[in-house]
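Asks: Structure below; questions to follow.
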Amino acid sequence: MPTTTPLRVAVVGAGPAGIYAADILSKTDLNVEIDLLERLPAPYGLVRYGVAPDHPRIKGIINALYKVLQKGTVRFIGNVDYGTDVDLAELRAYYDAVIFATGAIRDADLNIPGIDLDGSYGAADFVSWYDGHPDVPRTWPLEATQVAVLGAGNVALDVARVLAKHVDDLMVTEIPENVAEGLRSSPITDVHLFGRRGPAQVKFTPLELRELGHVPDVDIVVYPEDFDFDEGSEEAIRSSNQTKQVVKTLTDWTLREESELTASRRIHLHFLHRPAEILGTDGQVTGIRTERTELAGDGSVRGTGRFEDFDVQAVYRAVGYFGSPLADVPFDPVAGVVPNEGGRVLDERGEQVPGLYATGWIKRGPVGLIGHTKSDASETVRHLVADLAERAEQGTLSSAVDRDPQALLDRLAADGIPYTTWHGWELLDAYERSLGEEHGRERVKVVPREHMTEISRGVGART
């Protein structure tokens, strides 16, 4: 849709969903200027702050996102928080359309007794800590020798592995110094991971599970009584090569002799255990009570009424992420998403809200991998382009939009909001790499937000 004056689109959120949407939009025939707004000083979202640092393949994803932004067809504006530094009315004043790609960063609720005891944590907060997220405290309470992790997905595996792994084996990664210091003092010996369904229903990816078996001086302990397969399980194994690989890895671990388990730390994988209650004394976690479940024939489970108690001093729930509401944008509090149809935001009557779109986890919920994110963004952008083309043809594009690319930046500067730019990210990136060279590593993450912002703006003060 050629136009003489560029249209302007804002993408809120600079994780993979937002970056892919901006990139796909930049490759359409729409004459458009795209701004990528991010509340943190640095880009990449959950790829930088939500994945365990010992996953080398994540580096490849970041490299791909870097190439998108480095082209210069999308303008990065960091350290700008939607709902605080800018609101919807202002974005509408500067842009013809807004795509929300804010993801899902909160832990999903787990409503069982004892969930609020001291020593009961959300996995998302712990992941943010060990990934150096600037909005979480720099210290983490790591006094427990025995820990429970609730969940049967990759995040649960990440949490279990990072808790059990010896810190020297993490020093080749980019973990911040404060994280290394905290993990080094941890007295942990045993991590118990609980899944409420059977081995054929877990959500681990094969690679992630195999990696778990290669952690130095950490044994994987499984329990043959936890292995049961109903018709639904057999069908899952027959129909999914991924499930077949996961089940094979888990089953192979049951064949190990007890004499082979000599490591100083252990990760116990428990299946068919439903968390029923977190036990405590004087407000502090002292254990976890689970109900034994049994397969119902179709891969689902039902309770048996038999309970077991495990001594643990901390519990991490990794039962999924959940979206957060956005100011002045419709939100479904049950699903944790912005209600939409193909990325077009819908109001409470189910009618399209002109000019507002969603992509990524805030659009579809926290499911799917990077490939899903790309196809998701393509759908949203396709509808956005079609809508703008129709509005242009009908002459209903707003003439009130201030199309000066400098206007928003001038307003932020006037209000003393220290926004960051792509050049600023390159300064921060170079600084983190220089810290890595000092410590014999590729990179060491900078944690304090103020320090990140100073470096990104060329101040470069050290702490």
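The values are calculated or read from the model by the stated rules, or taken from the named source; none is laboratory data. All values reported here derive from a predicted model rather than from experimental measurement. In this analysis, Cβ positions are derived from the backbone assuming ideal geometry, glycine residues included, and neighbour counts consider all displayed protein chains. Ligands, DNA and RNA are excluded from the accessible area calculation, which covers all protein heavy atoms including side chains. Shrake-Rupley method; radii C 1.70, N 1.55, O 1.52, S 1.80 Å.
Asks: Mind jotting down the distance between the C-alpha centroids of segment 143-168 and segment 110-132, whole Å?
Replies: 12
Asks: So what's the projected area for segment 118-235, the Cα convex hull averaged over all directions, in nm²?
Replies: 8.3
Asks: Hey, another quick one. Listed here are the pairs LYS59/LYS363; LYS71/LYS363; LYS203/LYS248; which of them are more than 20 Å apart at the Cα?
Replies: Violating the 20 Å limit, Cα to Cα: LYS59/LYS363; LYS71/LYS363.
Asks: Okay, next question. Can you check what the net charge comes to around LEU409, using other residues whose Cβ is under 10 Å from the Cβ of LEU409 (Lys, Arg +1; Asp, Glu -1)?
Replies: -1
Asks: Using a 1.4 Å probe and ignoring any ligands, DNA or RNA, find the accessible area of HIS133 and quote it in Å² to the nearest 10.
Replies: 20
Asks: Under the rule a/c < 1.5 gives rounded, and otherwise a/b versus b/c splits prolate from oblate, where does segment 311-463 land using the Cα gyration tensor?
Replies: oblate
Asks: Enter the Cα centre distance for the pair segment 80-103 and segment 45-72, rounded to the nearest angstrom.
Replies: Cα centroid to Cα centroid, the span is 24 Å.
Asks: Over the Cα atoms of segment 255-376, what is the Rg over Rh ratio if Rh follows Kirkwood?
Replies: 1.14
Asks: Considering just Cα atoms, how many Å³ per residue does the convex hull of the chain enclose?
Replies: Looking at the chain, the number lands at 161 Å³ per residue.
Asks: In whole percent, what relative contact order does the chain give with Cα contacts below 8 Å and a gap of six or more residues?
Replies: Value for the chain: 21 percent.
Asks: Does segment 1-160 classify as rounded, prolate or oblate by the C-alpha gyration tensor (a ≥ b ≥ c root eigenvalues; a/c under 1.5 gives rounded; else a/b over b/c gives prolate, otherwise oblate)?
Replies: prolate
Asks: State whether segment 210-307 is rounded, prolate or oblate according to the following rule on the C-alpha gyration tensor (a ≥ b ≥ c being the square roots of its eigenvalues): a/c under 1.5 gives rounded; otherwise a/b larger than b/c gives prolate, and the remaining case gives oblate.
Replies: Note, shape of segment 210-307 comes out oblate.
Asks: Out of the total accessible area of segment 293-441 (probe 1.4 Å, heavy atoms of protein only), what percent is carbon and sulfur?
Replies: So the carbon and sulfur contribution to the accessible surface is 52 percent.
Asks: For HIS270, HIS439, what's the largest-to-smallest order of accessible area, 1.4 Å probe?
Replies: I get HIS439, HIS270, largest accessible area first.
Asks: Next up: On a C-alpha basis, how far is the centre of segment 360-392 from the centre of segment 308-325 in Å? Whole number, if you could?
Replies: 31
Asks: Hey, another quick one. Mean residue ellipticity at 222 nm from the helices of the chain, using -39,500 (n - 2.57) per DSSP H segment of n ≥ 4 over the full residue count, to the nearest 500 deg cm²/dmol?
Replies: Rounded to the nearest 500, the figure is -10000 deg cm²/dmol.
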